[in-house]
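Engineer: Pasting in a structure now, in structure tokens, and then I'll have a few things to ask.
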Amino acid sequence: MKGLIPAAGRGTRMRPFTKAYPKELLPVGEKAVIEHAIHDMREAGITDICVVVGHKQHAILDYLGSGKDLGVQITYVVQDDRNGLAGAVKAGENHIDGERFAVVLGDNYVDDKRALKELVAFHRERDMDATIGAFRPEDVTSYGIIDPGEGNLVKGLVEKPSPEEAPSNLGISGMYVFNPVIFEAIEQIGKGKGDEYQLTDAIDRLREDGYRVGYEEIRGSRIDVGTPERLREANREFALRD
Ligand code: G1P
């Protein structure tokens, strides 16, 4: 299985740091948060990884290089139009080349390294077309939210709903496993929340079209370094674990 790490966003909520470098290079513990994502993949046996870059892209190349020192092989793809997460995933389509693949967002820190491996196993065993790693966020308005159905199947998805609109308190964690049919779904969606092409909408489109979309709560805790508070929290979590 191949891996894809989107790392092209402008990181507006992390300014001023992201005026100079991408948020994926913010440190959690002794390494950049994107290196934790690479580590998650390696632990899941995924060593052929496509990193989608955009904003301040050269800094990511300088940090990760070919991936040799991290025990993986990295291919870089540029997302020219920064128009959302769905566009970033779509940018990697040629590299994925018709295979099943795992996605870990480049700003995600997950403290239990078995999380992705288990998600991949769930996807295979349950014969899913898309599997979402889920978690329980305190603030539903900052995440994609899942409407959970029978047998870990998804009944619906809403990107960053208001508290009233949220169908549950089960959030999208930033770890996914997809069959290549997700690329077709991405082509079919229009712009969504924040005037961007949302991966959440593409996954929901798959479900509407009758594909098997499931979720599994990931092991351990996870934090994305999307805001200064969450960056501090990720480092606190890391220090406690260390
Ligand atoms: C993205 C996804 C969202 C998910 C989140 C996890 O949002 O769109 O569904 O819950 O990552 O970190 P972003 O944080 O890029 O706005």
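The values are calculated or read from the model by the stated rules, or taken from the named source; none is laboratory data. Remember, it's a predicted structure, so these values are computed and weren't measured experimentally. Ideal geometry is used to build each Cβ from the backbone, glycine not excepted, and the neighbour counts take in all protein chains shown.
Engineer: Just give me the residues in segment 146-167 being away from the ligand (no atom under 13 Å from the Cβ) and either among the charged types (D, E, K, R) or more than 21 Å from G210 (Cβ to Cβ) (or both), in sequence order. Don't jump to the end; show me each part of the working.
Structural biologist: Within segment 146-167, the first condition is being away from the ligand (no atom under 13 Å from the Cβ), and the residues that meet it are 147-153, 155-156, 162-165, 167.
Of everything in segment 146-167, those that are away from the ligand (no atom under 13 Å from the Cβ) and either among the charged types (D, E, K, R) or more than 21 Å from G210 (Cβ to Cβ) (or both) turn out to be D147, E150, K155, S162, P163, E164, E165.
Engineer: What pairs come up if the first residue lies in segment 169-186 and is farther than 21 Å from I38 by Cβ and hydrophobic (A, V, I, L, M, F, W, C), the second is at pLDDT below 95 and away from the ligand (no atom under 15 Å from the Cβ), and their beta carbons are under 8 Å apart, counting only those six or more places apart or on different chains?
Structural biologist: F183/I96
Engineer: Name the single residue that is nearest to the ligand (Cβ to nearest atom) among those in segment 112-145 being surrounded by fewer than 19 Cβ atoms within 10 Å (Cβ to Cβ), in contact (Cβ under 8 Å) with a residue 60 or more places away in the chain and farther than 23 Å from E208 by Cα.
Structural biologist: In this case the residue turns out to be S142.
Engineer: Take residues that are over 29 Å from I189 (Cα atoms) and tell me which of the helices (runs of 4 or more DSSP H) falling wholly in segment 1-120 contain 1 or more. Reasoning before the result, please.
Structural biologist: Values: elements: 17-20, 33-43, 57-64, 85-91, 93-96.
Per the criteria, 17-20, 33-43, 57-64.
Engineer: Could you look through segment 91-100, keep only residues that are farther than 24 Å from Y143 by Cβ and touching a Leu at 6+ places or on another chain (Cβ under 9 Å), and pick out the one that is farthest from the ligand (Cβ to nearest atom)? Break it down into steps so the answer makes sense when it comes.
Structural biologist: Step one: list which residues in segment 91-100 are farther than 24 Å from Y143 by Cβ, which gives 93-100.
If we keep only those that are touching a Leu at 6+ places or on another chain (Cβ under 9 Å) as well, we get 95-96.
Details: H95: 21, I96: 19 Å.
Per the stated criteria, the residue is H95.
Engineer: Follow-up question, since we're still on this one. I'd like to check something: does segment 72-90 contain any residue that is within 16 Å of the ligand (Cβ to nearest atom), β-branched (V, I, T) and in contact (Cβ under 8 Å) with a residue 24 or more places away in the chain?
Structural biologist: Yes, there is a match, as at least one residue in segment 72-90 is within 16 Å of the ligand (Cβ to nearest atom), β-branched (V, I, T) and in contact (Cβ under 8 Å) with a residue 24 or more places away in the chain.
Engineer: Mind checking which residues of segment 110-121 are farther than 12 Å from S173 by Cβ and either of a type in the set (G, A, S) or out of contact with any helix residue (DSSP H, G or I) (no Cβ under 8 Å at 6 or more places or on another chain) (or both)?
Structural biologist: E118, V120, A121
Engineer: Of all the residues that make up segment 172-185, how many are closer than 19 Å to E208 by Cα and within 13 Å of the ligand (Cβ to nearest atom)? Give the steps one after another, and end with the answer.
Structural biologist: Pass one, segment 172-185, residues closer than 19 Å to E208 by Cα: 172, 176-185.
Pick out the ones that are also within 13 Å of the ligand (Cβ to nearest atom) and you get 172, 176.
Matching residues across segment 172-185 total 2.
Engineer: Among the residues of segment 1-59, write down those that are more than 16 Å from Y76 (Cβ to Cβ), of a type in the set (D, E, K, R), in contact (Cβ under 8 Å) with a residue 24 or more places away in the chain and away from the ligand (no atom under 16 Å from the Cβ).
Structural biologist: R42, E43
Engineer: Considering only segment 224-236, I want to know if a residue exists there that is of a type in the set (A, V, I, L, M), in contact with a strand residue (DSSP E or B) (Cβ under 9 Å, 6 or more places away or on another chain) and assigned to a helix (DSSP H, G or I). Outline the logic, then answer.
Structural biologist: Applying the first criterion (of a type in the set (A, V, I, L, M)) to segment 224-236 yields 225, 231, 234.
Next, from what is left, pick out any that are in contact with a strand residue (DSSP E or B) (Cβ under 9 Å, 6 or more places away or on another chain): 225, 231, 234.
Narrowing further to those that are assigned to a helix (DSSP H, G or I): 231, 234.
Yes, because at least one residue in segment 224-236 is of a type in the set (A, V, I, L, M), in contact with a strand residue (DSSP E or B) (Cβ under 9 Å, 6 or more places away or on another chain) and assigned to a helix (DSSP H, G or I).
Engineer: Given the structure, is V181 in contact with a Lys or Arg (Cβ under 6 Å, 6 or more places away or on another chain) and closer than 21 Å to G3 by Cβ? Step through it out loud before you land on a result.
Structural biologist: Values: in contact with a Lys or Arg (Cβ under 6 Å, 6 or more places away or on another chain): no; closer than 21 Å to G3 by Cβ: yes.
For V181, the condition - in contact with a Lys or Arg (Cβ under 6 Å, 6 or more places away or on another chain) and closer than 21 Å to G3 by Cβ - is not met.
Engineer: For segment 39-79, name all the residues that are among the small types (G, A, S) and exposed (fewer than 15 other Cβ atoms within 10 Å of the Cβ). Steps first, answer last, please.
Structural biologist: Here is the first cut: in segment 39-79, the ones among the small types (G, A, S) are 44-45, 54, 59, 65-67, 71.
Those that are among the small types (G, A, S) and exposed (fewer than 15 other Cβ atoms within 10 Å of the Cβ): G45, G65, S66, G71.
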